[in-house]
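Heads up, the thing below is written out as C-alpha cells.
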Amino acid sequence: MTQSVPRPVRWGILGTGGIAATFASDLKLVEGAVLAAVGSRTAEAATTFAARHGFARAHGSWADLAADDEVDVIYVATPHAFHQAAAAVCIAGGKHVLCEKPMTLDRPSSATLVEQARSRGLFLMEAMWMRCNPVIRRIAALVADGAIGEVTAVHADLGLQGPFPATHRLMDPALGGGALLDLGVYPINLAHLILGTPASVQAWAHLSPEGVDQNTGLLLGYPSGAVAALSCSLVAATGNAATITGTTGRIQLPPAFFMPRTFTLHRGADTEVFDLDFPGKGFQFEAEEVQRCLAAGEVESPLMPQATTLEIMGLLDAIREQIGVRYQPPRSGQPNSGRTTR
C-alpha cells in the first residue's frame, strides 16, 4: 500500500482543454480539494487556465508540473493519444494519477502504466466518471440485489451530430479519433458494470476517409445468456439513453445516461422514479473517490479497478481489430482538441 495522503489533497491538472475546464469547475465542489497547479505545453496556456479557474501555480511543461512538490495527484486531461506519455511523466515525478478515459490507445500501453504506478506504490485510476456517479452506483446495487431479476439485456447508444471537419481530433487517427474511444466507452462500461466480461463480441463500423469509425454497432454475448446491444456515432445525435432489462423488471436511464441524475425502475405494473440530483456536472464524484483512496492508502479504486480498465482496453482492441481501425503514432505539437462529452 502507498502511504496515505491526508486531506487536504493538492490537485494538479495536466491539460487546458474543455474536459480540464469541466473537471476544474467540479473540483471546487469537493471538500478538501486544493487547486494547486496547472501544467500545459506552453506557459501562456497554463497561466490563462490557472487564472480563469483559480489554481495557485502554472507550469509551461508536463515535467515541471510533475516535479511540483506542492502537488499530490494529477488529473491527466489531454486527448487520448497523449495519455500514456503524460501519465508516465507524472508517475516518474512521484505523483498519483487520475487519467482521462480511455487510459491509453490500447491494452499493452495501459498495462505499462499500471506496472509503472505499482512499482512506485502510486495510485492510478482511469477517469471513467460514469462509474463514480451516485445514480449509476445505485443502479448497480439494485441489480446486484435482484431488483429486476436476472439481467437479460443491456441496450445503450451514444451519438453526436456531425459532420466534424477532417482537422478535428475526432477524425484524426493520430489522436485516437473515432466514435469508439470517445463515445463507445460509455455503453461498453455500462454493459461491463452490469454483465461483466462477454463471451462473444461482434462489431461493425462505417469508417471515415481518414480511417476512424464514424458509426459503430456492437453485439456482446454473455455466458448467462444475456446480450448487450450497443452503438456509438459521430454522424447523428442518437437517443443517448440506456435500458437494463431483467426477468422481473427493467431500469431505464434517460438521455445522457452517462451522467444521470435520475432513473426509472419498472416492475410489472409498478413504476418508481429515483431522483438523485446534484450540483455540477458529476466529475466531483471521481475526485472524491480519488481522495478517499489516497486517505486510505489505496493504490487503486474498487469503483474502477485497474484490472477492469485493462479488461475493457482489451475488449476495445478486439473491436478495433474487427472494424479495421488502426491508430497512427501521435504527432508532436499541440493537438487540435474539440470539446465533446469527454
How many Å² of accessible area per residue for the chain, probe 1.4 Å?
38 Å²
Considering only THR271, PHE283, LEU303, whose Cα is most displaced toward the positive end of the charge dipole of the range 261-318, charges sitting on Cβ of Lys, Arg (+1) and Asp, Glu (-1)?
THR271
Rg and Dmax of the chain over Cα atoms: what are they, in angstrom?
19.5, 60
Placed amide H near VAL97: partners under 5 Å, 5+ positions off or other chain
ILE74, PHE123, LEU124, MET125
Solvent-accessible area, 1.4 Å probe, carbon plus sulfur percent, for the chain
53 percent
Whole-Hz ³J(HN,Hα) from phi, Karplus 6.51 cos²θ - 1.76 cosθ + 1.60, for the range 17-26, glycine and proline x:
x, x, 5, 5, 5, 5, 4, 4, 5, 6
Please give the FRET efficiency for THR42 paired with ARG120, using the beta carbon to beta carbon distance and R0 = 30 Å, rounded to the nearest 0.05.
0.60
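Express as a percent, rounded to the nearest 5, the fraction of DSSP beta bridges in the chain (both residues included) that run antiparallel.
On the way: 33 of 61 bridges.
Taking every DSSP beta bridge with both residues in the chain, the antiparallel ones total about 55 percent.
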Take the chain, connect every pair of alpha-carbon atoms lying under 10 Å apart with a spring to form a Gaussian network, then pick out the residue of ALA63, ALA287, ALA37 with the largest mean-square fluctuation.
ALA63
Quick one: dipole size for the range 1-159, taken about the Cα centre, charges +1 on Lys/Arg Cβ and -1 on Asp/Glu Cβ, in debye to the nearest 20.
140 debye
Quick one: if you stick a label point 7 Å off each Cα along the C-beta vector at ALA174 and ASP317, how many nm between them?
2.5 nm
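Using only the Cα atoms, what convex hull volume per residue in Å³ does the range 187-274 have? Mind dumping the intermediate values first?
Numbers: hull volume 9.4 nm³, N = 88.
Taking only Cα atoms, the range 187-274 has a hull volume of 106 Å³ per residue.
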So what's the gap between the Cα centers of the range 97-114 and the range 204-253, to the nearest angstrom?
23 Å
Additional length obtainable on full extension of the chain from VAL201 to LEU219, 0.36 nm per residue less Cα span
5.9 nm
Evaluate the distance, in nm, between pseudo-label points positioned 7 Å from the Cα of ALA141 and of ARG326 along their respective Cα→Cβ axes.
4.8 nm
Within the P(r) computed for the range 142-204, what percentage of the Cα pairs occupies the region above 18 Å?
50 percent
C-alpha long axis of helix 83-92 to longest principal axis of the chain, angle in °:
50 degrees
In the range 1-60, trypsin sites (Lys or Arg not before Pro) in a DSSP loop with at most 16 other beta-carbon atoms within 10 Å
LYS28
Which order do peptides 275-286, 204-215, 181-192 fall in by mean Cβ count within 10 Å, highest first?
181-192, 204-215, 275-286
Translational diffusion coefficient (Stokes-Einstein; Kirkwood radius from C-alpha pairs) of the range 84-181 at 4 °C, 1.567 mPa s, in µm²/s:
79 µm²/s
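Take the eigenvalues of the Cα gyration tensor for the range 1-98, scale each by 5, and report the square roots as semi-axes in whole Å, largest first. Kindly include the intermediate steps, with their values, before the conclusion.
Working: eigenvalues 64, 54, 30 Å².
Equivalent ellipsoid semi-axes, largest first: 18, 16, 12 Å.
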Obtain the nm distance between the two label points defined at ARG7 and ALA85 by a simple spin-label model: each point lies 7 Å from its Cα along the Cα-to-C-beta direction.
3.8 nm
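The values are calculated or read from the model by the stated rules, or taken from the named source; none is laboratory data. Source: prediction; values computed, not measured. We place every Cβ from the backbone using ideal geometry, glycine too, and count neighbours over all the protein chains shown. Ligands, DNA and RNA are excluded from the accessible area calculation, which covers all protein heavy atoms including side chains. Shrake-Rupley method; radii C 1.70, N 1.55, O 1.52, S 1.80 Å.
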